[in-house]
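A.B. asks: I'd like to ask you about the structure that follows.
The values are calculated or read from the model by the stated rules, or taken from the named source; none is laboratory data. Everything numeric in this text was worked out from a predicted model, so none of it was measured. Quick reminder, even Gly has a Cβ in these numbers, built from the backbone with ideal geometry, and neighbours come from all protein chains shown.
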Amino acid sequence: MKRFPVIGVLCVSAVLGLAACSDNSDDNSAAEQATKAAADLCTDLNALKADNAKLKALDPASSTKDQVKDAYDAVQKDWGNVKENLAKLKKAEQDAVKDAAENLKKGYEGLPGDTTGKDALTKLQPQIQKLDEASTAASTGLKC
C-alpha cells in the first residue's frame, strides 16, 4: 500500500522534470499537457487501486454495511476522477476498467437493503477482484 503514494510522487516528479527542461514552451505545451494528463491518470488509477484494496481487505466477519458503503463510495469517487482522464488509456484497457467499475456499481446497487457487511463483501468479491485486475493492467500499460 505504501508504494501507491510513491508512484504518484514519481509521476508528478517526471512531469515537473520535463517542464523544467523544456526550451520552447510553444512547441512543448501539447507534450507537457499530455504528460500531465498521463501523470494525473496514473495518480487517479493508483488512488482507485488503493481504495479498491481497502474495500477488498474489509473483514467479512466484522465489517458493517456502513464500512462497505464508505469504502465503495471512495472507489466510486476515484472512478469519477479516472473517467476524466481515460482518453490516455488504450481502448482495451479503458473498456476493461470501465466494465469492471460499472459491474461493481451494479453489484453494490443490487444489494438488498438488509444485506450485512459480510454478505455484501461476499457478493461483491468477484467485481472487486475484476476491478483490481483491470486497474492494475491499465496502470501497468501507462507505466505508472
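A.B. asks: Can you confirm whether Lys105 is basic (Lys, Arg), assigned to a helix (DSSP H, G or I) and either touching a His at 6+ places or on another chain (Cβ under 8 Å) or over 19 Å from Cys144 (Cβ atoms) (or both)?
C.D. replies: Yes; evaluated as a whole, the condition is true for this residue.
A.B. asks: Here is a further query. Which pairs have Cβ atoms under 8 Å, sit 6 or more apart or on different chains, and link a residue in region 106-122 that is more than 9 Å from Val68 (Cβ to Cβ) to one that is of a type outside the set (S, T, N, Q) and assigned to a loop (DSSP other than H, G, I, E, B)?
C.D. replies: If the second residue must be of a type outside the set (S, T, N, Q) and assigned to a loop (DSSP other than H, G, I, E, B), the pairs left are Lys118/Pro60; Lys118/Ala61; Asp119/Leu111; Thr122/Pro60.
A.B. asks: Please identify the pairs in which a residue from region 49-61 that is modelled with pLDDT of 95 or more has its Cβ atom under 6 Å from the Cβ atom of a residue that is surrounded by 15 or more Cβ atoms within 10 Å (Cβ to Cβ) and among the charged types (D, E, K, R), counting only partners at least 6 apart or on another chain.
C.D. replies: Pairs that qualify, where the first residue is modelled with pLDDT of 95 or more and the partner is surrounded by 15 or more Cβ atoms within 10 Å (Cβ to Cβ) and among the charged types (D, E, K, R), are Asp51/Asp78; Asn52/Asp132.
A.B. asks: Specify which of the listed residues (Asp66, Asp70, Asp95) is over 21 Å from Ala39 (Cβ atoms), part of a helix (DSSP H, G or I) and at pLDDT below 95.
C.D. replies: On the way: Asp66 fails: at pLDDT below 95; Asp70 fails: at pLDDT below 95.
Of Asp66, Asp70, Asp95, the one residue that is over 21 Å from Ala39 (Cβ atoms), part of a helix (DSSP H, G or I) and at pLDDT below 95 is Asp95.
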